[in-house]
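> Structure below; questions to follow.
Where a number appears in this text, it was derived from the coordinates with a stated rule and is not lab data. These numbers come from a predicted model, not from an experiment. Using ideal geometry, Cβ is built from the backbone for each residue, glycine included, and neighbour counts are taken over all protein chains shown.
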Amino acid sequence: MSNHLLSLLTQWRDLKDEANWVLGTVYKTEGPAYRKTGAMMLFSDSGHQLGMLSGGCLESDIHLHARKVVLNQKPATLTYDGSDEDDMAFQLGIGCGGTVHILLQPLTVENDYLGLVQVLDALEHHHTGYFYQKVSNKEIAARFVVEPRSNEQQRAQLLEQEDGLWLCTPTEAPLHLLIAGGGIDARPVAQLAHQLGWRVTLWDPRPANGRMEYFPNISRRLNGTASDLNAYCQQHSVQAAVLMSHNVTLDAQALAAMAGVQLKYVALLGPVNRRERVIEQSGIELNQLSAPLSGPAGLDIGAELPETIALSILAECQAAITKTSARSISGVLEKAGNVQ
């Protein structure tokens, strides 16, 4: 199950009136930490835990504090210092060694569930916004504002206001991926994307391809002509596309349909000479695409099997979406001579 906020809130919606709930939020970190500022988790007094606030080492202790919040109906702030031998975090065996600050807030009908129902509605309708929480162990306050994502604030941050300290967390629906081609090798792409919490649309006009029994977790199956793809992608906020029909004509038609769509990533399966044939047959110029065409698609991770090829492509997609380098964090590949 995905840990994206949409997935957590979707599960919570069906359970919210069956138990008393507490929202746990990482509002600050110092040093290394598994989850970063803005990470959220939901706890109930009947034992539910939705999401993660650490790598799994803190959740049981946080849940104990969450039960107290339910009883007292007052917010609480917790601090876990992984570098202090006397701190609970150290005793729990946290390996990161950093400090994590957590806010616990009760969710009730009286406080309108802190606006989480509105957050869920916005995410389901692909609207971006900002979720504000007052960091306090005395006052329960939160609000949600629907507005376009600001380039200046891509991550959660603490804000000093006249009435106290607030955490502002940007919210955004999961990535919407279009897969053009429903062959056997598209199955692990769709499955892995689903595990990442992404929304997946599959397009293939061929009746024998893209059968739903082989793609049980996709959001939608399209089998119309490629001429309908452009309008669909724009209307449903498709952000990434992988063209892998193994048919030059179909890939060319799908590529042409991507012109003018606000994509952050577009990839084409196959070697360079095939890419040139697809581009030529598409009849478009590459500058009509909103993102550079990745072809051959994916990162060089030695992928040979459909599953590793899927990993290669979606890893490159993730890096493109987040505007990161896709390089080894530790530099181990460079040290081993794998990267020049």
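> List the residues, sorted by chain then number, that are 5 or more residues from residue 222 or on another chain and whose placed amide H is less than 5 Å from its amide H.
Close amide H contacts, sequence-distant or interchain: 202, 203, 204.
> Sequence-distant or interchain residues sharing an amide H contact under 5 Å with residue 243, placed H: which?
So residue 243 has HN proximity to 180, 267, 268, 269.
> Compute the distance from the alpha-carbon center of the stretch 223-263 to that of the stretch 285-301, in whole Å.
Here the two parts' Cα centres lie 14 Å apart.
> Hey, which of these cross-link pairs are over 18 Å Cα-Cα: 74/138; 28/264; 68/138; 28/74; 36/138?
Check vs 18 Å cut-off fails for 28/264; 28/74; 36/138.
> Which of the peptides 308-315, 281-288, 140-147 is most tightly packed, and how do the rest follow, going by the mean number of other Cβ atoms within 10 Å of each residue?
Descending packing order for the listed peptides: 308-315, 140-147, 281-288.
> A follow-up question, please. How would you classify the stretch 238-340 from its alpha-carbon gyration tensor, with a ≥ b ≥ c the square roots of the eigenvalues: rounded for a/c under 1.5, else prolate if a/b is greater than b/c, otherwise oblate? Intermediate results must be reported in sequence, preceding the final value.
Details: a/c = 2.31, a/b = 1.70, b/c = 1.36.
It is prolate, given that a/c is not under 1.5 and a/b is the larger ratio.
> Also, I was wondering about something else. Expressed as a rounded percentage, what relative contact order does the stretch 175-255 have, with Cα pairs under 8 Å and six or more residues apart?
Worked out over the stretch 175-255, it gives 39 percent.
> Hey, rough spin-label estimate for residue 262 and residue 127, points 7 angstrom out along Cα→Cβ, what's it come to in nanometres?
1.6
> Oh, and also: Tell me whether the stretch 176-322 comes out rounded, prolate or oblate; compute the Cα gyration tensor, take square roots of the eigenvalues as a ≥ b ≥ c, and use a/c under 1.5 as the rounded threshold.
Cα axes put the stretch 176-322 in the rounded bin.
> Hey, quick one: spin label on residue 219, modelled 7 Å out along Cα-Cβ, who in the stretch 233-250 has an amide N within reach, i.e. under 20 Å?
Backbone N within reach: 233-244.
> What is the chain's relative contact order, in percent, from Cα pairs under 8 angstrom and six or more apart in sequence?
Rounded, it is 11 percent for the chain.
> Sticking with this one: With +1 assigned to the C-beta of every Lys and Arg and -1 to the C-beta of every Asp and Glu, and no other charges, what is the dipole magnitude of the stretch 5-171 about the Cα centre in debye, to the nearest 20?
220
> Sort 63, 126 so the one with the fewest other Cβ atoms within 10 Å of its own Cβ comes first. Working shown, then result.
Numbers: 63 18, 126 15.
The order, fewest Cβ neighbours first, is 126, 63.
> Additional query: Along each of the three principal axes of the Cα atoms of the stretch 5-171, give the extent in whole Å, ordering the values from largest to smallest.
45, 39, 30
> Given contacts defined as C-alpha pairs under 8 Å and at least six residues apart, what's the relative contact order of the stretch 176-322, whole-number percent?
23
> Could I ask something else about it? Quick one: order 43, 131 by neighbouring beta-carbon count within 10 Å, fewest to most.
Fewest-to-most Cβ neighbours within 10 Å comes out as 131, 43.
> Right, another one. Given R₀ = 25 Å, FRET efficiency for residue 195-residue 49 by Cβ-Cβ distance, to 0.05?
Calculated value: 0.85.
> So which trypsin sites (Lys or Arg not before Pro) in the stretch 174-276 pass both tests, a DSSP loop state and at most 16 other Cβ atoms within 10 Å of the Cβ?
Of the trypsin sites (Lys or Arg not before Pro), the ones in loops of the stretch 174-276 whose Cβ has at most 16 other Cβ atoms within 10 Å are 211, 264.
> Now, a different point. Considering only DSSP beta bridges whose two residues both sit in the chain, what percent are antiparallel, to the nearest 5?
On the way: 39 of 57 bridges.
Expressed as a percentage, antiparallel bridges in the chain total about 70.
> Which FRET efficiency value, to the nearest 0.05, do you get for residue 303 and residue 112 by plugging their Cβ-Cβ distance into 1/(1 + (r/R0)^6) with R0 = 56 Å? Don't skip to the end; give the middle numbers.
On the way: r = 48 Å, r/R0 = 0.85.
Working from the Cβ atoms, E equals 0.70.
> A follow-up question, please. Would you mind ranking 81, 61 so that the residue whose beta carbon has the fewest other beta carbons within 10 Å leads the list?
61, 81
> Ok, one more. Can you run phi through the Karplus equation (6.51, -1.76, 1.60; θ = phi - 60°) for the stretch 54-69 and list ³J(HN,Hα) in whole Hz, with x for Gly and Pro?
8, x, x, 8, 9, 4, 5, 5, 4, 4, 4, 5, 5, 4, 5, 5
> So if R0 is 25 Å, what FRET efficiency would residue 277 and residue 336 give, r being the distance between their Cβ atoms, rounded to the nearest 0.05?
0.10
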